[in-house]
Amino acid sequence: MTAPTQSTRLTADRQPSGTRRAVYLDCNATAPLDERVLTEVHHYFAQEFGNAGSRTHDYGQQAKDRVIRAREQVASIVASTPDEIVFTSGATESNNLALLGLAPHGEKINRRHIISTQIEHKAVLEPLETLSERGFDVTLVPPTQGGWVDPDAIQAALRPDTLAVSIMQVNNETGIRQPIEEIAAILADHDAYLHVDAAQGFGKDIAPLQSPRIDLASISGHKIYGPKGIGALLTRRRGYKRPPLTPLLYGGGQERGLRPGTLPVALIAGLGTAAQLANDENTDRAEACTLFKRDVLATLESLNATIHGDADRTVPHAINVSIPDLDSEAVMLALKGLLAISNGSACTSQRYEPSHVLKAMQLPDEQIQGALRLSWSHLTPPVDWDEVRSRIHAIR
C-alpha cells in the first residue's frame, strides 16, 4: 500500500502560528480537500475560466471538454454512461431532484406510494414530508437494532402503487452499510424507481452503486476530498427511457433541462478529479482507514465503550459509540484541542435534538445522550490514543 505523502496528509493540523490543532475526526461531515483536486480547481478558476456553454472560442471549448471528462470520471464509479450524470450543487439537491422530481410522474400515473427508512438523512426525510403533504403515502421502514434495514421489510412494504424506494447506501451517523444490493434484487420484478442516497458511500464502497437496478443515486463532492458546492445525480436509463424527472428550477436548459444555470466548471473539474482518484486509490485508502480503525477500536475497548449497531457492517472509516456514564458533550469538551469529533449529523447539530437515527435503532436514552461519531480518512494523521484515554479517565 502506498501511504499518503507528508504533503497530502492533513498537515493542516498545525495552525500558522505553529500551535497544534486537534486531529480532525469528523470526515462524515466534510472531508479535507485533496491537494491534487485543489490544483485542478485552481487551474479552472484562474486559467481555463471559460463558460462551457460558449461555443465560439477556445475558452468555452476547453471548459466544455473538461465537463465532458468529469462526467466520464464520475460515471465510471457507478458503471453508467456519461450522459446519465447530472451535475448539481451536492447530494441534498440531488435527493430533492430525485424525489420531488418524480412526483409529477407519480401523480400522472396514480402511483403515490413511496418507501424509505426512518434512518435517512434529513435531505431525504424532509422532501418526503413535503410529498406527504401533497397527498403521497410515505412508508418509513424502521431499522433493525443493528442499524440496518432488513430487505424483507422493504419487500413487505411494496405495493402495486409504489412509485419509488429511497434507501441510503451508508448511514451518515453510524457508518453502517445498508443492504443496497439485496434491495435492488427484490425490486427486479417491480416498476418502482430505486433511489440511493450515496453521499457517504460514493467513491468508497464502490460495488453496490454499480447495480443496473439503481435508477437514481445522489453524489456529494466534498465527502470524497473534492470541493463543497458540487455533486451529481445518477439518472440511469431503463432500456432507452430515462427516469421521468421534472426539474425543480427553470431557465437555460443546462444538464438536459434538469438543472439550469451556468455550469461551475472549476468545481465540476474538482469532482471529476476526486472521483478518478477515489477509483484509482480505492484499495489503498480502504486499507489505510482499516488500520486506523484498529487503533480506534482498541482504544474504545479499553474504555468499555459501546459500539452502536452491527460492527461488522460498518465502513472502515466511521463508527458511532458511547462511553458508559459519560455525556457526549462532556467527552467532546475533555478532548477539545486533541480530537475534533461530533455527536451527530452536521446538518442537525445546531438543533441539539436526540439523534433520530439512534432513536429508530431503539437504543437506551443514556446511550443516545452519550453518542459520539468518529470518522476519519486515509489522510488522517496519527492520534495520541494514550492521551485520549487519559483525558477520558480523568472525567469519570
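The values are calculated or read from the model by the stated rules, or taken from the named source; none is laboratory data. Since this is a predicted model, take the numbers as computed values, not measurements. Every residue, glycine as well, gets a Cβ built from its backbone with ideal geometry; the counts of neighbours run over all protein chains shown.
The table below lists the values:
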| item | result |
| --- | --- |
| Region 193-207: number of residues that are outside any strand (DSSP E or B), crowded, with 24+ Cβ neighbours inside 10 Å and either β-branched (Val, Ile, Thr) or on the phi > 0 side of the Ramachandran plot (or both) | 1 |
| Options Leu25, Leu38: the member that is under 30 Å from Leu338 (Cβ atoms), out of contact with any strand residue (DSSP E or B) (no Cβ under 9 Å at 6 or more places or on another chain) and either not assigned by TED's automatic domain parsing to the domain that holds Lys204 or not aromatic (Phe, Trp, Tyr) (or both) | Leu38 |
| Val196 within 30 Å of Asp365 (Cβ to Cβ) and touching a residue at least 12 places away in the same chain (Cβ under 8 Å) | no |
| Residue in region 87-105 that is at pLDDT 95 or above, among the hydroxyl-bearing types (Ser, Thr, Tyr), assigned to a helix (DSSP H, G or I) and buried (at least 23 other Cβ atoms within 10 Å of the Cβ) present | yes |
| Of the criteria (1) in the same structural domain as Ser390 (by TED's automatic domain parsing); (2) assigned to a helix (DSSP H, G or I), which one Ala275 fails | (1) |
| Matching residues in region 265-305 - criterion: being among the basic types (Lys, Arg) and in contact with a Lys or Arg (Cβ under 8 Å, 6 or more places away or on another chain) | Arg285 |
| So Thr299, is it without any contact (Cβ under 8 Å) to a residue 40 or more places away in the chain and either over 30 Å from Ala63 (Cβ atoms) or outside any helix (DSSP H, G or I) (or both) | no |
